[in-house]
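So the structure is just underneath, and the comments pick up after that.
The values are calculated or read from the model by the stated rules, or taken from the named source; none is laboratory data. In this text the structure is predicted, and so the values were computed from the model without any measurement. Cβ sites come from the backbone with ideal geometry, for glycine too, and all protein chains shown count toward neighbours. Ligands, DNA and RNA are excluded from the accessible area calculation, which covers all protein heavy atoms including side chains. Shrake-Rupley method; radii C 1.70, N 1.55, O 1.52, S 1.80 Å.
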Amino acid sequence: MSEQVVEPGVHRLPVRKLVAASIGNAIEWYDWTVYATFSTYIANALFAPDSKGLIGTFVTYALAFFFRPLGGLLLGRFADVRGRKPAMILTIVLMAGGSLAISVLPSFAAVGWLAPILL
């Protein structure tokens, strides 16, 4: 049985890139967790009081998971053309923009059925 000899310094783990990607992934899952945690408040604010708002809130949550592969295809292509760093920055900006949009949406009391549509 022959042994492979690995020369020092030939292959190094890109720690900085690994940490950056891990932070980006953690921010993404933090965003999903915040939405799920505050879903009861979102349901009460954005859906009709007599409707099943919590179900609507989680249907929106599930719909977002349905569109994740499409986002992966589009952002994967963007990363191939522009690079991984701009793609990661774009992803984080889009997630932050989505969170900001949810936080500034008008309530159901203010705009009626337009609130859940905007969500």
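Within the bounds of region 4-21, is there any residue that is β-branched (V, I, T), surrounded by 12 or more Cβ atoms within 10 Å (Cβ to Cβ) and either modelled with pLDDT under 85 or closer than 26 Å to I92 by Cβ (or both)? No, every residue in region 4-21 fails to be β-branched (V, I, T), surrounded by 12 or more Cβ atoms within 10 Å (Cβ to Cβ) and either modelled with pLDDT under 85 or closer than 26 Å to I92 by Cβ (or both). Of all residues in region 60-86, those satisfying the criterion of being of a type in the set (A, V, I, L, M, F, W, C) and more than 13 Å from the chain's Cα centre (by Cα) are L73, L74, F78, A79, V81. Given the structure, is A36 in a helix (DSSP H, G or I), open to solvent by less than 60 Å² (accessible area, probe 1.4 Å) and farther than 24 Å from F108 by Cα? No: the conditions fail for A36. If a residue has to be open to solvent by 90 Å² or more (accessible area, probe 1.4 Å) and part of a helix (DSSP H, G or I) to count, how many in region 50-62 make the cut? Of the residues in region 50-62, 1 are open to solvent by 90 Å² or more (accessible area, probe 1.4 Å) and part of a helix (DSSP H, G or I).
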